[in-house]
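Structure, as structure tokens:
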Amino acid sequence: ATGSIEQPLVARLRAGANRDLVGVNTYGMVYAINGENGVALWSARYRPGAKKGEPTNSDGGTPPFVPLLMAGRDEIDDVIIAFDGGVRALAGATGKELWRATLPGEALSGCVINAENGSAITVAVFDSSHALSFLKGDSGQVVSQTKLDGFVVGRPAAINLKNGRGVLLALNNGTLDARNPAGDSVLSIKLDAALTTSPLIVRAPRGQLAMIGTESGDR
């Protein structure tokens with residue numbers, strides 16, 4: 001009934017319930033699915049403003065934006081999804097829209113930067129115009145938007161920086177680029193091989209390790 005969903009996510013959508021699933025199909029339709037019986041709790045269209053007779057989904061020409069899970073009230077996850085103008089946040093329990101943010105291009109990938117030491121949640125989204133946008137998790141307000149020199153491979157990864165939190169990006173020009181929520185590049189490393197995967201951040205006794213796939217193997 002949902003169509004092809006390549007990357008279903010396990011989410012806490014209801015208080016006191018078992019885990020449920022969130023997934024997006026090839027055409028951008030998002031489903032929240034009861035983890036016990038497979039019944040859809042709610043669904044969300046890629047074109048929420050479509051009028052009668054107009055298509056409600058994307059054309060399937062680009063890989064769908066994988067939904068992001070963000071901690072909401074009462075330990076229930078809110079869900080950030082793509083729509084035809086950018087991204088919007090939905091209440092995990094009901095699918096009700098909490099906010100929407102307009103982006104310069106079609107949302108392609110992103111990550112949630114969880115709060116640390118009382119700081120607010122931030123959402124990072126990369127779009128088809130090569131813009132990296134940082135949004136406030138509680139309102140969708142744009143914190144910064146920066147044009148990147150390359151295309152993000154995979155997804156941004158949340159990372160600890162010297163001053164706060166930010167994201168680490170693998171770019172198709174072979175660069176690992178760390179950015180803070182202001183959009184500033186705080187560390188850039190050029191590798192001698194093409195990058196093929198998203199960065200994987202691993203906590204180690206002496207700090208963080210970033211693992212990345214390249215054409216010549218993992219690093």
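Values for this structure:
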item	result
When residues of the range 90-110 are limited to those that are of a type in the set (A, V, I, L, M, F, W, C) and in contact with a Ser or Thr (Cβ under 9 Å, 6 or more places away or on another chain), the one most open to solvent (accessible area, probe 1.4 Å)	LEU98
Options ALA170, ALA210, ALA204; residue that is open to solvent by less than 60 Å² (accessible area, probe 1.4 Å), farther than 30 Å from ARG73 by Cβ and without any contact (Cβ under 8 Å) to a residue 12 or more places away in the chain	ALA204
Some residue of the range 31-43 being among the polar types (S, T, N, Q), modelled with pLDDT under 95 and more than 12 Å from ASP84 (Cα to Cα)	yes
Residue under evaluation VAL10, criteria (1) of a type in the set (Val, Ile, Thr); (2) within 22 Å of THR102 (Cβ to Cβ); (3) modelled with pLDDT of 95 or more, criterion not met	(2)
Enumeration of residues in the range 92-108 that are among the small types (Gly, Ala, Ser), under 27 Å from GLY164 (Cα atoms) and touching an Asp or Glu at 6+ places or on another chain (Cβ under 9 Å)	ALA107
Among (1) under 23 Å from SER129 (Cα atoms); (2) open to solvent by less than 20 Å² (accessible area, probe 1.4 Å); (3) of a type in the set (Asp, Glu) - the single one ASP20 does not satisfy	(1)
Flag if GLU6 is acidic (Asp, Glu) and more than 19 Å from VAL66 (Cβ to Cβ)	no
Strands (runs of 3 or more DSSP E) contained entirely in the range 23-105, each with at least 3 residues that are over 21 Å from SER133 (Cα atoms)	30-33, 40-44
Checklist (1) exposed (fewer than 15 other Cβ atoms within 10 Å of the Cβ); (2) under 19 Å from ALA82 (Cα atoms); (3) among the hydroxyl-bearing types (Ser, Thr, Tyr) applied to SER144, failing item	(1)
Single residue of the range 181-200 satisfying the filter (touching a Ser or Thr at 6+ places or on another chain (Cβ under 9 Å) and under 24 Å from ALA120 (Cα atoms)) that is most open to solvent (accessible area, probe 1.4 Å)	ASP184
All positions within the range 1-17 that are part of a loop (DSSP other than H, G, I, E, B), surrounded by 16 or more Cβ atoms within 10 Å (Cβ to Cβ) and among the aliphatic types (A, V, I, L, M)	ILE5, LEU13
Filtered residues of the range 14-26 (kept if more than 15 Å from ILE81 (Cα to Cα) and aliphatic (A, V, I, L, M))	ALA15, ALA17
Scope the range 111-121; condition open to solvent by 20 Å² or more (accessible area, probe 1.4 Å) and either modelled with pLDDT of 95 or more or of a type in the set (Lys, Arg) (or both); matching residues	VAL112
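The values are calculated or read from the model by the stated rules, or taken from the named source; none is laboratory data. Keep in mind that what you see is a predicted model, and the values were worked out from it rather than measured. As a convention, Cβ positions derive from the backbone with ideal geometry for all residues, glycine included, and neighbour counts pool all protein chains shown. We work out accessible area using only protein heavy atoms, side chains counted, and drop any ligands, DNA or RNA first. Shrake-Rupley method; radii C 1.70, N 1.55, O 1.52, S 1.80 Å.
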